[in-house]
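The values are calculated or read from the model by the stated rules, or taken from the named source; none is laboratory data. Everything numeric in this text was worked out from a predicted model, so none of it was measured. Cβ atoms come from the backbone with ideal geometry, glycine included; neighbour counts cover every protein chain shown.
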4 protein chains.
Amino acid sequence: NDRLTLLAGPCAIESYETCAEVAETLKQITDELGINYVFKSSFDKANRSSIDSQRGAGMAAGLKVLAKIKENYHVPIVTDVHEPYQCEPVAEVADVLQIPAYLSRQTDLLLAAGRTGRVVNIKKAQFMAPEDIQTAVDKVATNDQHILVTERGTMFGYHQLVVDMTSLIQMRETGYPVIFDATHSVQVPSGYGNHSGGNRDYAFPLMRAALAIGIDGIFAEVHPNPPEAISDQDSQLYLSKIRPILENANRIFHEHLEMKAVYAHDDLL
Amino acid sequence: NDRLTLLAGPCAIESYETCAEVAETLKQITDELGINYVFKSSFDKANRSSIDSQRGAGMAAGLKVLAKIKENYHVPIVTDVHEPYQCEPVAEVADVLQIPAYLSRQTDLLLAAGRTGRVVNIKKAQFMAPEDIQTAVDKVATNDQHILVTERGTMFGYHQLVVDMTSLIQMRETGYPVIFDATHSVQVPSGYGNHSGGNRDYAFPLMRAALAIGIDGIFAEVHPNPPEAISDQDSQLYLSKIRPILENANRIFHEHLEMKAVYAHDDLL
Amino acid sequence: NDRLTLLAGPCAIESYETCAEVAETLKQITDELGINYVFKSSFDKANRSSIDSQRGAGMAAGLKVLAKIKENYHVPIVTDVHEPYQCEPVAEVADVLQIPAYLSRQTDLLLAAGRTGRVVNIKKAQFMAPEDIQTAVDKVATNDQHILVTERGTMFGYHQLVVDMTSLIQMRETGYPVIFDATHSVQVPSGYGNHSGGNRDYAFPLMRAALAIGIDGIFAEVHPNPPEAISDQDSQLYLSKIRPILENANRIFHEHLEMKAVYAHDDLL
Amino acid sequence: NDRLTLLAGPCAIESYETCAEVAETLKQITDELGINYVFKSSFDKANRSSIDSQRGAGMAAGLKVLAKIKENYHVPIVTDVHEPYQCEPVAEVADVLQIPAYLSRQTDLLLAAGRTGRVVNIKKAQFMAPEDIQTAVDKVATNDQHILVTERGTMFGYHQLVVDMTSLIQMRETGYPVIFDATHSVQVPSGYGNHSGGNRDYAFPLMRAALAIGIDGIFAEVHPNPPEAISDQDSQLYLSKIRPILENANRIFHEHLEMKAVYAHDDLL
């Protein structure tokens, strides 16, 4: 594909209003820039570090919000599924079902997501080697060939993630589009003891690096006011600052396409 | 507690006969040695690397086998749960519900397991820092105070696990009994590309090391013929070789108890 | 500085002829492209995995070759020092003294290199956190303010390196120019048991990623015939393929400068 | 050998008096317990994190102190060498030359140490896989067959070490005695930014674990007043608390010997 794809939105469905504000702004910017846009938000944060953390709207209420966003802003929707039974109802609203990284080895969830016929975005687990995403892909591909694979960082010692940029090249071997999740990759897992921290400032540089390596899309959590978000306060991007980031990301994306067109592969690798 | 606990049995419920053979032998040895024994086997291998790997008996058939083992050999039972809906039916048979390591951050599963009132054995995820087991414990403890925490190795680079023995000390801070899983700790994740390998020979030395640090129990997968098992062929222990291993493990366990009784803690730490 | 810097040449000084071939070609390409070029080659491979591996020309013979290259091709020279006593004689020829990564905590070597007044290029150790390069910088800066800091990958499990691209941002905090070593970063340490392997194909993509993050220079080993080199056969780049790589690298370097000029920093980070 | 070996003493040679106090006490305890004792102290801390940290007595003054300790307390001596030229003068006093972990790939240092004919204790680098110690051993063994290999922890993410207890088994494959360094293994590298921290409380449990795995000796830094030491304040053991630790360590050592004598290897592994 010759257009950059963006999966973005607030981490959790906090309210219709928050979702709408993000969807409207991102739809407008991506239309101007020629970027494919998919609205992302989660109805349940099912693996929060702490039992005391907020989990979001819940499935029934969350899907209603997502359906309304889809209708009002004409954007496709991506959201997480956590248990096999959720796949069917979620697929009635969402165009893309997302497999959370921690669950990317759960066979039944991958099979159930595949059976819906929707696109399935598999996040590579923090504990999974890049080439092993193939085994997760194989589980979905039993039923469905519309798959995305997403890099979101790899565990590196306790409370640390590292992005191995070569994973983007290795995941391309699956034959499916590769997405780079720029905001979860900068998390500091359980960095505050009972909740995760993050280095928001690294999201844009890592996004540029991933685009320079060559990817098909970007995943990013974007919020009108990240410090007040119910989750990922340290890693979500400010909606008000997103335009120059996407402009520049799009530029690197196209520079990479041109580079591939100009240079013979054999002379570069 | 002044007796060693052993959670052991074949990795997957392959047949009643295999389970019975293991249960009978382990019951007899542990009775002789004064070890508390809990029979372990899984009705579903829900996160196999490959879609083509066998998954075991399934929940309904598996629980029947476990009930029969319990009745015939008078042993308590531990088995895994993978989704919240399984906790209730499993708790009708199992005395201990086990949370698989990859799922040890899934809040709903931990809550559902806790609601059964059964003992819950939480395996610390391969991506989780030792002190963060507290957040998983807190989720179960909302409903239930009967908890075990288990070390089973930590991701160390791709396709590698390492056992951080200090985690056994840190997990003790939760106040709950600490178990060392000697056979999953020696796995080589996805070591064969589409299935995991293992270093069976390291299971006994690591078990000794963990007992020397000080633990309450051992978890080990034991099979009459590991190379023919449907899973974990390289890491399950031979039933025929288990007696001297348990004899010696028990000896180290009691040496540790004596050491703590003889020496003043302040002079040692 | 508004020009990209390149430190490049054959890994080891195998012969004057090999060095001359590389220096001539790289000097010509970098002059055309407006890149600052520094010729690199090592007179001793002092930390080969195996005692049986070749180590190169030795200091006396090696410095003669480097002096001749400098005179004939009008290029500044960078080469490694391994012990404090080498710094003075090396500094008579070399414009940049390089501290090998494994030795980047050896205080006497850093002090001796700094005392020469030459530029000192400190390679960050594979075991060193990015912010800790400051302690190595402080040792050189006692005597000398001309310092470069180089990323060359970080240990990640056994026999694995990972490039943490955020380290390039963190190392910039020292205030000194940041170099990315594209060919050592793709090594597989002791990948063949008694010598290291490498993934040459990842060097160019990682170079692009590092340039997209923002660096001042590139380090790369380049050889007329890498498979026949006496070291780093799997990671050195082919001299015959280097032109398009440098053209594209230079383009990303300037895109990054433009990006910084166009966008307000506050809107991006 | 059927006796435990102990390499122990203050981290740095701070004064003759400190060294004498430690040597006298340890000599007496180890004589009582039947442990082979080698006095350890370093004349130079050559790789301190910070340029401002104290480095110790220096080689000339340090060797004088070590010679006097040897003479007065009838103990063999182990001390570090950092550059090849040091090996000869050090070998005039020291019975064991120790290769610091960071330097365990420096071929010239290993060769020079081997040429002295003294025992060479090679510390496995924090970045080295266990089986790769063989390449370091081969370099010493060119000249000398009296070798010890020491585990002191492996890098695990930034600012973290982990002890992989299976390394003790793998290093045994070299055929040389295996030592466990209980106090450097609990360091927190650069844990305080410009100097290292440590978890002294883990040294004894890890020592027990290593002895349970099976080792030939223990390395430990011991100081009359660790918080006032010039280095490793958080990891050195208190001289006043060392007796029960050594008593118990010796007991585990002999339990391991008995275990090996009683059980057939094939039934345990």
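Values for this structure:
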| read-out | value |
| --- | --- |
| Residue list for the range C:222-242, restricted to those being outside any strand (DSSP E or B), under 26 Å from A:ARG172 (Cα atoms) and either facing chain A (nearest Cβ under 10 Å) or of a type in the set (Asp, Glu) (or both) | C:ASP234, C:LYS241, C:ILE242 |
| Given (1) more than 14 Å from chain D (Cβ to nearest Cβ); (2) farther than 19 Å from B:ARG48 by Cα, number of the condition A:VAL162 does not satisfy | (1) |
| Some residue of the range C:166-182 being without any contact (Cβ under 8 Å) to a residue 24 or more places away in the chain, of a type outside the set (A, V, I, L, M) and out of contact with any helix residue (DSSP H, G or I) (no Cβ under 8 Å at 6 or more places or on another chain) | yes |
| Test for C:ILE35: is it more than 30 Å from C:HIS254 (Cβ to Cβ) and crowded, with 20+ Cβ neighbours inside 10 Å | no |
| Unmet requirement for A:ASN121, which otherwise passes all of (1) more than 14 Å from every other protein chain (Cβ to nearest Cβ); (2) surrounded by fewer than 22 Cβ atoms within 10 Å (Cβ to Cβ); (3) touching a Leu at 6+ places or on another chain (Cβ under 9 Å); (4) not in a helix (DSSP H, G or I) | (2) |
| Subset tally (residues that are more than 14 Å from chain D (Cβ to nearest Cβ) and of a type outside the set (D, E, K, R)) for the range B:198-221 | 2 |
| Hits in the range D:1-46 (condition: on the phi < 0 side of the Ramachandran plot, touching a residue at least 40 places away in the same chain (Cβ under 8 Å) and assigned to a strand (DSSP E or B)) | D:THR5, D:LEU6, D:LEU7, D:ALA8, D:ALA12, D:ASN36, D:VAL38, D:LYS40 |
| Search result, residues across the range C:47-77 that are closer than 30 Å to D:ALA125 by Cα and either touching a strand residue (DSSP E or B) at 6+ places or on another chain (Cβ under 8 Å) or touching a residue at least 40 places away in the same chain (Cβ under 8 Å) (or both) | C:ASN47, C:ARG48, C:SER49, C:SER50, C:ASP52, C:SER53, C:GLN54, C:ARG55, C:GLY56, C:ALA57, C:GLY62 |
| Residues located in the range B:183-206, provided they are closer than 23 Å to D:TYR202 by Cα and touching a Ser or Thr at 6+ places or on another chain (Cβ under 9 Å) | B:SER185, B:VAL186, B:TYR202, B:ALA203, B:PRO205, B:LEU206 |
| Positions within the range B:100-118 being within 17 Å of the chain's Cα centre (by Cα) and either under 21 Å from B:ILE69 (Cβ atoms) or in a helix (DSSP H, G or I) (or both), in sequence order | B:PRO100, B:ALA101, B:TYR102, B:LEU103, B:LEU110, B:ALA113, B:ARG118 |
| Residue within the range A:185-205 that is within 29 Å of B:PRO130 (Cβ to Cβ), buried (at least 19 other Cβ atoms within 10 Å of the Cβ), among the small types (Gly, Ala, Ser) and at pLDDT 95 or above present | yes |
| Positions within the range A:47-63 being buried (at least 16 other Cβ atoms within 10 Å of the Cβ) and more than 14 Å from chain B (Cβ to nearest Cβ), in sequence order | A:ALA57, A:GLY62, A:LEU63 |
| B:SER190 outside any helix (DSSP H, G or I), within 22 Å of D:PHE156 (Cα to Cα), within 12 Å of another protein chain (Cβ to nearest Cβ) and among the polar types (S, T, N, Q) | yes |
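Here's the yes/no breakdown for (1) out of contact with any Lys or Arg (no Cβ under 9 Å at 6 or more places or on another chain); (2) within 9 Å of chain D (Cβ to nearest Cβ); (3) hydrophobic (A, V, I, L, M, F, W, C):
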{"residue": "C:LEU66", "(1), (2), (3)": "yes, no, yes"}
{"residue": "C:ILE69", "(1), (2), (3)": "yes, no, yes"}
{"residue": "C:TYR73", "(1), (2), (3)": "no, no, no"}
{"residue": "C:ILE77", "(1), (2), (3)": "no, no, yes"}
{"residue": "C:GLU83", "(1), (2), (3)": "yes, yes, no"}
{"residue": "C:GLU92", "(1), (2), (3)": "yes, no, no"}
{"residue": "C:ARG115", "(1), (2), (3)": "yes, no, no"}
{"residue": "C:THR135", "(1), (2), (3)": "no, yes, no"}
{"residue": "C:ASN143", "(1), (2), (3)": "no, no, no"}
